[in-house]
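The values are calculated or read from the model by the stated rules, or taken from the named source; none is laboratory data. These numbers were taken from a predicted model, which means no experiment stands behind them. Here the Cβ positions follow ideal geometry from the backbone for every residue, glycine too, while neighbour counts run over all protein chains shown. SASA here: full protein model, heavy atoms, side chains in, ligands and nucleic acids out. Shrake-Rupley method; radii C 1.70, N 1.55, O 1.52, S 1.80 Å.
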Amino acid sequence: MYLKEIDYSLRNETLIHKLTIIWQKSVEATHLFLSPQDIKDILPQVVIGLKQIPILLVSFTDDDEPIGFAGIADDKLEMLFLSPDYFQQGIGYKMISTAIQNYQIKYVDVNEQNPKALKFYLRQGFTIFKRSPVDSDNRPFPILHLKK
């Protein structure tokens, strides 16, 4: 397994498609509060985000297949998703550690209804400093804002 920063020029449709599949599988496994329709509605925003995020780190297998990704803008981790086939193997930890050490992230938002993700970020030294009752698109999914 290796982690690589993907430049805009390398974010082709094939890679974006593979990353959106990872996102969907990860969300289906962890965001149990989202309906299938919610996931379908959010997906186009994920595609745009993957294309536009300033820093996109992708975890690959030794066979060059993507298995997870993290997106960073300024000093904030905007996204971190991993294929459920690779949960509990230290890959998420490697991605967040790289984001903290190499990109100086200080902030991350997490869905309040995703307790495993919250626990993951708290273990990395983040603390909750604010709560929003809705997400950034005014959907009824409370967000916890964390800082390092």
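Points to keep in mind about this one:
- Every residue from the stretch 51-73 that is part of a loop (DSSP other than H, G, I, E, B) and not hydroxyl-bearing (Ser, Thr, Tyr): 53, 54, 62, 63, 64, 65
- Under the condition of being crowded, with 17+ Cβ neighbours inside 10 Å and of a type outside the set (Val, Ile, Thr), the residues counted in the stretch 125-148 number 4.
- Checked against (1) closer than 18 Å to residue 82 by Cα; (2) touching a strand residue (DSSP E or B) at 6+ places or on another chain (Cβ under 6 Å), residue 146 meets all criteria but (1).
- Scanning the stretch 1-40 for residues that are in a helix (DSSP H, G or I) and of a type in the set (Val, Ile, Thr) yields 14, 16, 20, 21, 22, 27, 30, 39.
- The listed residue being open to solvent by less than 20 Å² (accessible area, probe 1.4 Å) and of a type in the set (Val, Ile, Thr), out of 53, 21: 53
- Answer residue from the stretch 99-124, given it is among the aromatic types (Phe, Trp, Tyr) and part of a helix (DSSP H, G or I) and is least open to solvent (accessible area, probe 1.4 Å) among those: 121
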